[in-house]
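Only one structure is covered here, and it is reproduced in the block below.
Every number here is computed from the coordinates shown, using simple stated rules; none is lab data. Computed from a prediction, not measured in an experiment: that's the story for all the values here. So basically every Cβ, Gly included, is an ideal-geometry build from the backbone, and we count neighbours across all protein chains shown.
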Amino acid sequence: MPIYDLFCCLVCGGIIAAISRETSAYLGTSRFEDLHKTVNASLVFIVLWSIFIAGIMFILSPIICNYIIKDPRAIRSLWIASPAIVFIAISCVYKGYFYGVSQVITPSVIDILEKAVRMVILVGVIYYLSLKTIENTVAATYLSFTIGEIISFVFLYIFYKRSIKKIPYTNSVRPDNSFQLLFNILIIAVPLAINGFLTTALQSVSTLLVPIRLVAAGFDHIGALEIIGKFNGMALAIVYFPLVIVVSLSTVIIPDISKKISQKDFSNINSRVNEVIKICFMLGVSTVIICYVCPNLLGEVFFDRSDLGSFIKIASIAAPFMYCHYCTYSILNGIGKQKVILLSSIATALIELVLIFILIGIPSINIYGYGISLIVTSIIGLLINLYYIGQVIELSFPIWEILILVLLTVLVYLVTTIISSIIPNTFIIPKIITIIVVAFSLFFVSSILIRKSS
């Protein structure tokens with residue numbers, strides 16, 4: 001999958017962000033003809049480029065699998081997945097358009113539908129064909145993935161055609177030619193694509209490095225893979241779950257900032273950016289509270305394991321900084337700082353690589369070094385991004401607001417701790433639900449306070 005991700009980064013990295021930003025700006029300044037021409041030029045380019053890259057991937061699949069992955073069984077899977085790149089790329093153009101014109105519900109519903117269809121196809125193929133080997137099962141997974149992307153493309157195309165008819169083919173100023181409009185897209189998308197490619201490559205190296213360093217710390221290979229599964233596949237999955245909200249906010253804020261910049265509405269940009277950063281941080285704080293009050297119960301409920309508590313705790317510490325760090329990339333994108341995104345991403349990925357190499361190899365730290373590296377890189381990346389955001393936008397963190405949020409956090413933590421001690425573990429599901437509801441009440445209350453203060 002990392003190899004496939006690298007090809008996807010080459011094809012459509014940054015396309016959604018670039019098109020959403022440009023179409024939003026054109027919509028805000030009534031440059032409707034430029035909006036039409038931007039989408040059309042992007043579609044022509046992305047179709048040709050994606051077919052070229054998909055062809056290269058198809059041809060090179062045997063070489064990649066035999067000499068890089070060193071697993072010939074993956075050849076068939078990459079062949080099956082190659083056509084999906086074309087449909088993913090075209091879908092990215094349509095999604096960028098929908099986000100730019102503030103019709104976010106359409107791509108969201110289609111994404112849910114696509115994933116549901118993908119699961120049905122996968123289960124059906126495995127069941128009816130009685131697949132037993134890993135090679136055939138993985139190939140079936142990629143087949144369902146490809147079919148899902150085709151279905152997603154078809155629906156996006158249908159709804160795009162319905163939506164674009166409502167936008168007139170007029171311009172408030174003299175329209176630019178298609179080559180200039182395409183250049184405007186690529187000047188945003190290319191740095192983001194390079195960023196995605198390099199960070200994916202570095203993360204792949206980090207993924208390969210973790211088991212090697214665990215073996216150096218005294219684990220056998222099987223034990224190393226087991227502890228990686230517990231930390232990456234289970235503990236981090238719980239911590240990453242609320243990130244869905246951050247991703248949604250980040251997707252919407254790019255065209256929102258771009259539109260306000262085109263309208264020179266700088267006061268609203270300042271308040272909007274400050275709101276999003278604080279809300280993401282408080283979402284992370286709520287996550288930390290949940291993960292610290294009942295870590296073992298979370299492991300039991302979601303994965304039927306009672307040995308994930310310490311992993312969940314250390315991973316959750318990164319949540320407030322990680323969530324903020326993620327949203328700051330979208331803010332930087334919205335204000336046109338693509339080069340900063342590239343440099344910041346590479347810097348944090350390299351720091352993570354160094355920390356993983358050093359910390360995980362220490363026997364007394366081992367896999368916890370992964371959690372420490374996540375915390376450190378999230379903080380460093382956040383500080384770098386805030387520094388460059390602060391050069392354009394006035395960041396505001398009033399002392400009285402911080403004090404109120406701290407007191408609210410302490411209150412909610414105490415309440416959840418009391419609830420945890422009162423409700424017995426025999427009522428594990430009601431107990432977990434109550435703690436989650438109370439903890440996330442901090443997020444909702446703080447969001448209201450932040451919006452009012454802004």
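Each residue of segment 106-122 in turn: what ³J(HN,Hα) in whole Hz from Karplus with 6.51, -1.76, 1.60 and θ = phi - 60°, glycine and Pro shown as x?
Once rounded to whole Hz, the list reads 4, x, 5, 5, 5, 4, 4, 4, 4, 5, 5, 4, 4, 5, 4, 4, 4.
Using the Kirkwood formula on the Cα atoms of segment 403-454, what hydrodynamic radius do you get, in angstrom to one decimal?
It is 11.8 Å.
For segment 353-411, which chymotrypsin sites (Phe, Trp or Tyr not before Pro) are in a loop by DSSP, counting at most 14 other Cβ atoms within 10 Å?
On the way: sites: Phe357, Tyr368, Tyr370, Tyr387, Tyr388, Trp400; in loops: none.
Listed in order of number, the matching sites amount to none.
Can you sort Ile422, Ile158, Ile432, Ile312 so the residue with the fewest Cβ neighbours within 10 Å comes first? Walk me through the numbers on the way to the answer.
On the way: Ile422 9, Ile158 12, Ile432 20, Ile312 27.
Least to most surrounded, the residues fall as Ile422, Ile158, Ile432, Ile312.
Once the Cα gyration tensor of segment 2-190 is found, what semi-axes does its equivalent ellipsoid get, as square roots of 5 times the eigenvalues, in whole Å, sorted largest first?
Value: 35, 19, 10 Å, ordered largest first.
State which stretch of the chain is the longest one without any exposed trypsin sites (Lys or Arg not before Pro), exposure meaning a DSSP loop state and at most 11 other Cβ atoms within 10 Å.
Of all site-free stretches, the longest is 265-454.
For the chain, with the dipole built from +1 on Lys and Arg beta-carbon atoms and -1 on Asp and Glu ones, taken about the Cα centre, which of Phe302, Ile435, Ser344 lies farthest toward the positive end?
With unit charges placed on the Cβ atoms, the residue in question is Ser344.
I need the calculated FRET efficiency for the pair Val301 and Ile187, taking r as the beta carbon distance and R₀ as 60 Å, to the nearest 0.05.
According to the calculation, E is roughly 0.80.
List every residue whose amide H lies under 5 Å from the amide H of Arg31, counting only residues 5 or more places away in sequence or on a different chain, with H placed 1.01 Å from N in the peptide plane.
The list, which skips near neighbours in sequence, is Ser172.
Cut-off is 10 Å between beta-carbons; in what order do Met234, Met282 appear when sorted fewest neighbours first?
Least crowded to most crowded, the residues run Met234, Met282.
What distance in nm separates the two pseudo spin-label positions at Ser364 and Phe179, each 7 Å out from Cα along the beta-carbon direction?
Using points 7 Å along Cα→Cβ, the separation is 6.5 nm.
Mind checking which of Ala74, Ile64, Tyr26 is farthest towards the positive end of segment 2-190's charge dipole, using Cβ charges of +1 (Lys, Arg) and -1 (Asp, Glu) about the Cα centre?
Tyr26
Can you give the Rg/Rh ratio of the chain, where Rg is from the C-alpha atoms and Rh is the Kirkwood radius?
Expressed as Rg/Rh, it is 0.98.
Assuming 0.36 nm per residue, please report the length gained on full extension of the stretch Phe266 to His221 beyond their Cα-Cα distance. Walk me through the numbers before you get to the answer.
Working: separation 45, 0.36 × 45 = 16.20 nm, distance 5.50 nm.
The span from Phe266 to His221 would gain 10.7 nm if fully extended.
Report ³J(HN,Hα) in whole Hz for each residue of segment 423-440, in order, from the Karplus equation J = 6.51 cos²θ - 1.76 cosθ + 1.60 where θ = phi - 60°; Gly and Pro get x.
Rounded to whole hertz, the list is 7, x, 5, 5, 9, 5, 5, x, 5, 4, 4, 4, 5, 5, 4, 5, 5, 6.
Highest mean first, what order results for 349-356, 8-15 on Cβ atoms within 10 Å?
8-15, 349-356
DSSP loop chymotrypsin sites (Phe, Trp or Tyr not before Pro) in segment 160-212 with at most 13 other Cβ atoms within 10 Å of their Cβ, which ones?
Details: sites: Tyr160, Tyr169, Phe179, Phe183, Phe197; in loops: Tyr169.
Filter output for segment 160-212: Tyr169.
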